[in-house]
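None of the figures in this text is laboratory data; all of them are computed from the coordinates on show. Here the structure is a predicted model, which means the values were calculated and not measured. All Cβ positions, even for glycine, are placed from backbone atoms using ideal geometry, and neighbour counts span all protein chains on display.
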Amino acid sequence: MEYGYMLRKNGETVEPFCEGEIYSDLYGDTGYPSLKELLDVVETGDKVTLPSIYALGHNLSQVCLNWQTLKEKDVDVELLDFPFAVEHPRDFCSILSYLNDSAALSRKERKVSGLNRVKARGIRLGRRPLGMPPAFENLYAEYKKGNISCREAARQLDISHTTFLRWGRDLDARLWDEEAGE
């Protein structure tokens, strides 16, 4: 038998690109249900036509896994956009794995070197920490006495209540250290 499989956009009609039955999933479908069904249906000697290698998965590991499944079932695969894969099926997965690994390594190296260059120039990354406003200590003392809630105190300082509580813990720890050091 001859089959086809493709990914399509919502509302897009399936144009015949092979002689047999065409399975299709929508872009964004999780799990590719029609592809799984196709992989269950195909048998030794069948032919599957794919318009693109990307129809086999979201990432290279899924592509390799589904390619491997088709090859283990001894299915003839025709890739309309990449005929090399059909001529050299064993090399194809090795090439995909190598490309995936080298691309990931290259991205990581570029990211690390970029961060190192930025740090070497003295640029601080991330959000700058808020400075503790002068009114904080008075409001924190009122909070500890029970005269004001942490949310109300935070609202007066225009910060979140969790920041108020964290600053309070930091202040308590600093005061504790000062008392212990004397």
Notebook entry, point to check: Out of residues 5 or more away from Leu80 or on other chains, whose amide H comes under 5 Å of its own, with H placed 1.01 Å from N in the peptide plane?
Noted result: Leu50, Ser52
Next item on the list: Along Cα→Cβ, 7 Å out, is where each label goes; now give me the distance between the ones at Ala104 and His161 in nm to one decimal.
Entry: 4.3 nm
Notebook entry, point to check: Cα axis of helix 136-145 to longest principal axis of the chain: angle in degrees, 0 to 90, nearest 10?
Noted result: 80 degrees
Next item on the list: Would you look at the GNM of the chain, springs on alpha carbons closer than 10 Å, and say which of Asn116, Asn147, Asn66 moves the most?
Entry: Asn147
Notebook entry, point to check: With axes computed from alpha carbons, what is the tilt in degrees of helix 161-181 against the longest principal axis of the chain, rounded to the nearest 10 within 0 to 90?
Noted result: 50 degrees
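Quick one: how many lysine pairs in the chain have C-alpha atoms under 23 angstrom apart, if they're 8 or more apart or on different chains?
Lysine pairs satisfying the spacing and distance rule in the chain number 8.
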Item checked: Modelled label reach - Arg151, point 7 Å along Cα→Cβ, segment 159-174 residues with backbone N closer than 15 Å -> 159-165
Margin query: Relative contact order for the chain: what percent, with Cα pairs under 8 Å and sequence separation of 6 or more?
Written below: 13 percent
Check: Which residue, Ala120, Ala153, Ala104, has the most motion in a Gaussian network model of the chain that connects Cα atoms within less than 10 Å?
Finding: Ala153
Check: So which residue, out of Leu139, Leu115, Leu38, gets the largest mean-square fluctuation from a GNM of the chain using Cα contacts under 10 Å as springs?
Finding: Leu139
